[in-house]
Amino acid sequence: MTGPAACFFFGNCPDVLPYFSIQGLRMSNLVYTGQTTAQRPYKWRAVEDNEPVYWNNYFVRTYFESIFHAQYENSNGYGLYALDCNSNGERGSKVGVDTMYLVTLQDYNSQYLQNDTLNNIMLINDELLNIQDFKNFTDLSKYTQNNSDVIRKGYFDFKLTEPPLNSNDEYRFKLIFILKSGEEFEKISEPVRLTK
């Protein structure tokens, strides 16, 4: 007996680890509501087009566009590796993060002008899906330290600690994400109207 059946019955899992390889970034503007409903089981939702959002409730979810290695075989014909007993990508990325930069594409406030880096006022959280808590964001250095060898989650969220200069202006941000391998990914967020 070989393949997935052998893994299941005899525990003969080959030495193929279920990592994911980052290919790009995808970003979504979200607003923290603090409440759940039957239609919205989470305490946040997507920001609608042209919707004004209070700056302190605004955050951006960044997903890694990834290729998954050592996937399960399934009835839809996907995951043709089919040689591992672990879940897809559960060991994280194959390469850790070196650093990232968040750049404002217009004047954000009097201290951070167009094309300035916002790293000093950016907080990160990669646990929000599970804990539904908007208070557990930490600074960039903790995220890069925890993910320096392997990026453990396929997403992270970031928010800003200072308000914008003007209320109801439209803002966009560019994220530059650099892996330990030297690979670099860039993504620009969709515009968002922030209020204070």
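Every number in this text was worked out from the coordinates using simple rules, so none of it is lab data. Not measured: the values here are computed from a predicted model. Ideal geometry is used to build each Cβ from the backbone, glycine not excepted, and the neighbour counts take in all protein chains shown.
Within the straight-line cut-off of under 22 Å between alpha carbons, the lysines reachable from K180 are K94, K142, K153, sequence neighbours fewer than 8 places apart in one chain being disregarded.
Using the Cβ-Cβ distance between E184 and A38 with R0 = 45 Å, the FRET efficiency computed as 1/(1 + (r/R0)^6) comes to roughly 0.60. Sorted fewest first by neighbouring Cβ atoms within 10 angstrom, R193, R40 come out as R40, R193. If you take all other residues with their beta carbon under 15 Å from the beta carbon of D116, and give Lys and Arg +1 and Asp and Glu -1, the sum is 0.
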